[in-house]
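Student: Please find one structure pasted underneath; my questions will follow.
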Amino acid sequence: MNFPLLGQEALTDPGARLRRLWEVRNIVVMPGVFNALLARLVQFEGFEALYISGAGVTNTLMGLPDHAFISLPEMAQVCGYITRAVSIPAVADADTGYGEALQVAYAVRTLERAGLAGIHLEDQVSPKRCGHLEGKEVIPKEAMVAKIRAAVNARENPNFVIIARTDARAVEGLQAAIDRAKAYLEAGADAIFPEALQTPDEFEAFARAIPAPLMANMTEFGKTPYLTVNEFAQLGYKMVIFPMTCLRVMMKAAERTLETLKQCGTQTPLLDQMQTRAELYELLEYDRYLSYDKELGE
């Protein structure tokens, strides 16, 4: 019997699997996760890919805002836990690449070896800011091109997906974002992620101008209007991420839980809102581990 924790029998090349999804699906829906348990739930619920949010990992692991506090080793460790727990492809947020071109190359090697299908790199000045906040700055286009070339040359498997994110819409305007995306494609990026576009017309214009798989960010309380998965597909996008949706709902539920405990002195009013012990054990394949442990002792 193979050790069940790995869960990688059917996924020897996650980048190839993600690329295949681009071919056979109108759009790939990628819920955002920040740990392995939530990643298991995403897979359990039938999603075919997931997204590892840099903000989510930073917020939950460190209790800090998304201002480039997370280090490469910390992010790679979390990514490794997640990819070993699931068999669906995972794309991770690599922020600005943890430095300049040389550091980007090292980051790509490190994150690729964590079992990811791919990463995205952004063209913000470091330390970066949340893509939907004011006050962002972007590096010169030529500097980002150098980072993308370094990333492409550093990957060990050509199927490992390099997604170039541009935050230029909020700083330089839509046309500048399109021009940057074209340069990033020429540098070897496999897909493009235009961050914080502000209308459906902008998403459509960007898609018409950029002949590549495109990623959309359907975050909450940001610059982008609430569009459905089908609407993004119709506008020409192949991936849509929901990076913080689960985290925001979970935190609001935790807030209400703590209020109930404080007011009532018991959790019993919350029982019907909980995942049961049996449901958690099913998700974690508890019985499978027990059987394997018994088998090892025979």
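The values are calculated or read from the model by the stated rules, or taken from the named source; none is laboratory data. All values reported here derive from a predicted model rather than from experimental measurement. For neighbour counting, all protein chains shown are included, and Cβ atoms are generated from backbone atoms with ideal geometry for every residue, glycine included.
Student: Only one of these conditions is not met by Lys223: (1) touching a helix residue (DSSP H, G or I) at 6+ places or on another chain (Cβ under 6 Å); (2) closer than 23 Å to Phe34 by Cα. Which number is it?
Tutor: Of the numbered conditions (1) touching a helix residue (DSSP H, G or I) at 6+ places or on another chain (Cβ under 6 Å); (2) closer than 23 Å to Phe34 by Cα, the odd one out for Lys223 is (1).
Student: Please enumerate the residues belonging to the stretch 161-188 that are among the small types (Gly, Ala, Ser) and part of a helix (DSSP H, G or I).
Tutor: Our first condition is that a residue be among the small types (Gly, Ala, Ser); within the stretch 161-188, this holds for 164, 168, 170, 173, 176-177, 181, 183, 187-188.
Of everything in the stretch 161-188, those that are among the small types (Gly, Ala, Ser) and part of a helix (DSSP H, G or I) turn out to be Ala170, Ala176, Ala177, Ala181, Ala183.
Student: Further question on the same structure: What is the residue count in the stretch 159-173 for residues that are without any contact (Cβ under 8 Å) to a residue 40 or more places away in the chain and surrounded by fewer than 20 Cβ atoms within 10 Å (Cβ to Cβ)?
Tutor: 3
Student: On the given criteria, is Ala146 at pLDDT 95 or above, of a type in the set (Gly, Ala, Ser) and buried (at least 24 other Cβ atoms within 10 Å of the Cβ)? Before you say what the answer is, go through the steps one by one.
Tutor: On the way: at pLDDT 95 or above: yes; of a type in the set (Gly, Ala, Ser): yes; buried (at least 24 other Cβ atoms within 10 Å of the Cβ): no.
In short, no.
Student: OK, next. What are the residues in the stretch 262-285 that are assigned to a helix (DSSP H, G or I), surrounded by 13 or more Cβ atoms within 10 Å (Cβ to Cβ), under 28 Å from the mean Cα position of the chain (by Cα) and not charged (D, E, K, R), if any?
Tutor: If the condition is that a residue be assigned to a helix (DSSP H, G or I), surrounded by 13 or more Cβ atoms within 10 Å (Cβ to Cβ), under 28 Å from the mean Cα position of the chain (by Cα) and not charged (D, E, K, R), then Leu280, Tyr281, Leu283 are the ones that fit.
For (1) touching a residue at least 40 places away in the same chain (Cβ under 8 Å); (2) of a type outside the set (S, T, N, Q); (3) at negative phi, each residue gets a yes or a no:
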{"residue": "Gly222", "(1), (2), (3)": "yes, yes, yes"}
{"residue": "Thr228", "(1), (2), (3)": "no, no, yes"}
{"residue": "Leu235", "(1), (2), (3)": "no, yes, yes"}
{"residue": "Met239", "(1), (2), (3)": "yes, yes, yes"}
{"residue": "Pro243", "(1), (2), (3)": "yes, yes, yes"}
{"residue": "Thr257", "(1), (2), (3)": "no, no, yes"}
{"residue": "Lys262", "(1), (2), (3)": "no, yes, yes"}
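Student: For Ala196, work out the one condition from (1) at pLDDT below 95; (2) of a type in the set (Gly, Ala, Ser); (3) part of a helix (DSSP H, G or I) it doesn't fulfil.
Tutor: (3)
Student: If Ser71 satisfies every condition in (1) surrounded by 15 or more Cβ atoms within 10 Å (Cβ to Cβ); (2) within 18 Å of the chain's Cα centre (by Cα); (3) of a type outside the set (Val, Ile, Thr) but one, which is the exception?
Tutor: (1)
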